[in-house]
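Participant: Got a structure for you, questions after.
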Amino acid sequence: MRNKMNIRSIGLVFAGALGATVAWHAFDAATAASNADTYKQLNLFGDVFDRVRADYVEPPNEEQMIEAAINGMLSSLDPHSSYMNAKKFQEMQVQTDGKFIGLGIEVTKEPNGFVKVVSPIDGTPAAKAGLMANDLIVKIDGAAVQDMNLNDAVDKMRGRLNTSVTLSIVRNNADPFDVKLVREEIKVQSVKYDTDGGDIGYIRISSFTALTQDGLDNAIKELKKKLGPKLKGYVVDLRNDPGGLLDQAISVSDTFLDRGEIVSMRGRNADETQRFNARSGDAADGKPVVVLINGGSASASEIVAGAFQDHKRATLVGTRSFGKGSVQTIIPLGSQGAIRLTTARYYTPSGRSIQAKGIDADIVIEQELPPELKDKDTSTQGEASLKGHLTNEARGEEGGGSSAYIPEDKTKDLQLKAAYDLLRGVKVVSNAKPKEAGKPNSGSSSEPSAN
């Protein structure tokens, strides 16, 4: 396994003493006046807060008021800056760590109030106990789930390692039966892989968690073992991948790149610019790569797609990506949770800003919609449609969203079929509708790059 750069702490804000040497600066009159106005506004907030506490028709929840005020301040900056209380911060950490203590079961809430099993995760307590998709959970440790919201039900199923929980299950409208399960550490599988026709490696990355690189290493290893010398190349599917950890996006890019810049981050000040480069070695051994993107591919997905495109390491197939080209730093606040603050924009190796613009596919392939969706809009609106979004620095460079639809039946997945055709040397031409005829590369054909 290749050594990966550990940059998960990029951009952390440190508070405290800065050293023994302090430079004193005299404030000019304008700065002093500005500071005075700021403190007046803070005093105004205190006055309003006290008045609400004293005179509102019912005793208000003061903690909720303060959280709402902080969130209001952060959300006024851009759509991605926000405050997380301690519980939300913990939930965010679970998502990015890629593991948690629980039963290994994906669930949703039904209109009748019961919790329905979407699917058990292979190898987990839920799968070992024989739980099945569409099972209904009606009680958790004797407590009726109809009295809980989904988050409360999930919290009750999670818990401490090696402790037990009893679920009451209804299957196929039969009488309920109880299943006792012991909680284990569950690793979320963000990378899945498969083969097609015995000659192409398919790798699906659904999010960028702390376990993504390990999953990718294993996928490439197993695909090489299964396909051997027949392996023609790889399809890396980033469709509807909302992003995740920056260090994982850089590491995934580095896996396929042998040299050159992967991404740069530019903050408020020029001296805050950071650049991240690939190191020698290509785990794919120079085999051709096709990357699938669509309107749901955002943030970390766009970093990978942009790096591959600029270095001509892969052919991008699908539709334009979401356009989230900003970096959020998580700043912990002790027991009070954390804030998610936008601290930089990121740029592709050629210096392109993805913000509110997205990455255009080299070959635009639109999916055919089934009859029930033909009159519905399946497109994401994209970053450019979000209220208060950071604008793209290049005038006129902002773009709209694109389709995020992927058919469940792989035989009807035109984007995936195009990727396989490319890797097998079949000429592929864009099927873009007339409204997109003027887009770059629209109507062109391409061969996957192996350099």
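Participant: Over the Cα atoms of region 101-186, what Rg and Dmax result, in angstrom?
Facilitator: 11.5, 32
Participant: Between GLU272 and LYS99, 0.36 nm times their residue separation minus their Cα-Cα distance comes to what?
Facilitator: Between GLU272 and LYS99, full extension yields 59.1 nm more.
Participant: Moving to a separate point now. Just list whichever of LYS226/LYS287; LYS87/LYS180; LYS99/LYS180; LYS376/LYS433; LYS232/LYS312; LYS99/LYS324 have alpha carbons separated by over 20 Å in the model shown.
Facilitator: LYS87/LYS180; LYS99/LYS180; LYS99/LYS324
Participant: How much length is gained on full extension from ARG51 to ILE66, taking 0.36 nm per residue of separation minus their Cα-Cα distance?
Facilitator: Taking ARG51 through ILE66 to full extension adds about 4.0 nm, to one decimal.
Participant: Set the Förster radius R0 to 51 Å, insert the Cβ-Cβ distance between ARG279 and LYS88 as r into 1/(1 + (r/R0)^6), and round the FRET efficiency to 0.05.
Facilitator: E(calc), rounded to 0.05, equals 0.90.
Participant: Another question, then. Mind jotting down the distance between the C-alpha centroids of region 198-251 and region 62-89, whole Å?
Facilitator: 35 Å
Participant: If you rank ARG313, ARG183, ARG171 by fewest surrounding Cβ atoms within 10 Å, what's the result?
Facilitator: ARG171, ARG183, ARG313
Participant: Determine the distance separating the Cα centre of region 355-427 from the Cα centre of region 295-353; give it in Å without decimals.
Facilitator: One Cα centre to the other: 17 Å.
Participant: Principal axis extents for region 39-117, Cα atoms only, whole Å, descending order, please.
Facilitator: On the principal axes, region 39-117 reaches 52, 30, 22 Å in Cα extent.
Participant: Here is a further query. Amide H to amide H under 5 Å from ASP241: which residues, 5+ apart in sequence or cross-chain, H placed 1.01 Å off N in plane?
Facilitator: HN-HN under 5 Å from ASP241: SER297, ALA298.
Participant: Moving on. Ranked from highest to lowest mean number of other Cβ atoms within 10 Å per residue, what is the order of the peptides 113-120, 368-375?
Facilitator: 113-120, 368-375
Participant: Given R₀ = 51 Å, what would the calculated FRET efficiency be for VAL429 paired with PHE177, taking r from the Cβ atoms and rounding to 0.05?
Facilitator: Approximately 0.40, to the nearest 0.05.
Participant: Under the rule of at least 5 residues apart or a separate chain, name every residue whose amide H is placed under 5 Å from the amide H of ASN277.
Facilitator: ILE262
Participant: Order the peptides 49-59, 420-430, 352-362 from the highest to the lowest mean number of other Cβ atoms within 10 Å of their residues.
Facilitator: Top of the packing list down: 352-362, 420-430, 49-59.
Participant: Show me, for region 329-334, the HN-Hα J-couplings you get by feeding each phi into the Karplus relation (A = 6.51, B = -1.76, C = 1.60, θ = phi - 60°), rounded to Hz, glycine and proline as x.
Facilitator: Ordered by residue, 3J(HN,Hα) equals 9, 8, 10, x, 10, x Hz.
Participant: Can I ask one more? Using 1/(1 + (r/R0)^6) with R0 = 45 angstrom and r between the beta carbons of ALA36 and GLU397, what's the FRET efficiency to the nearest 0.05?
Facilitator: Working from the Cβ atoms, E equals 0.70.
Participant: Quick one: Karplus J couplings for region 284-289, per residue in order, coefficients 6.51, -1.76, 1.60, θ = phi - 60°, nearest Hz, x for Gly and Pro?
Facilitator: Running phi through 6.51 cos²θ - 1.76 cosθ + 1.60 with θ = phi - 60° gives 8, 6, x, 5, x, 10 Hz.
Participant: Treat the count of other C-beta atoms within 10 Å as a stand-in for reagent exposure and order LEU386, LEU211 from fewest to most.
Facilitator: LEU386, LEU211
Participant: Please state, as a whole number in µm²/s, the translational diffusion coefficient that the Stokes-Einstein equation yields for the chain at 37 °C and 0.692 mPa s, with Rh defined as the Kirkwood radius across alpha carbon pairs.
Facilitator: 132 µm²/s
Participant: Eigenvalues of the Cα gyration tensor times 5, then square-rooted: what semi-axes does that give for region 269-352, in whole angstrom, largest first?
Facilitator: Each semi-axis is the square root of five times an eigenvalue, giving 28, 17, 13 Å.
Participant: Convert each backbone phi in region 228-237 into a coupling constant with the Karplus relation 6.51 cos²θ - 1.76 cosθ + 1.60 (shift: θ = phi - 60°), then list the ³J(HN,Hα) values in order as whole Hz, x for Gly and Pro.
Facilitator: Whole-Hz 3J(HN,Hα) from phi for region 228-237: x, x, 6, 4, 8, x, 10, 9, 10, 9.
Participant: Follow-up. Once amide H atoms are built 1.01 Å from N in the peptide plane, which residues 5 or more positions from GLY325, or in another chain, come under 5 Å H to H?
Facilitator: HN-HN under 5 Å from GLY325: GLN355, ALA356.
Coordinate-derived values only; no laboratory data. For clarity, every value in this text was computed on a predicted model and none was experimentally measured. Please note: Cβ atoms are built from the backbone with ideal geometry, for glycine as well, and neighbour counts cover all protein chains shown.
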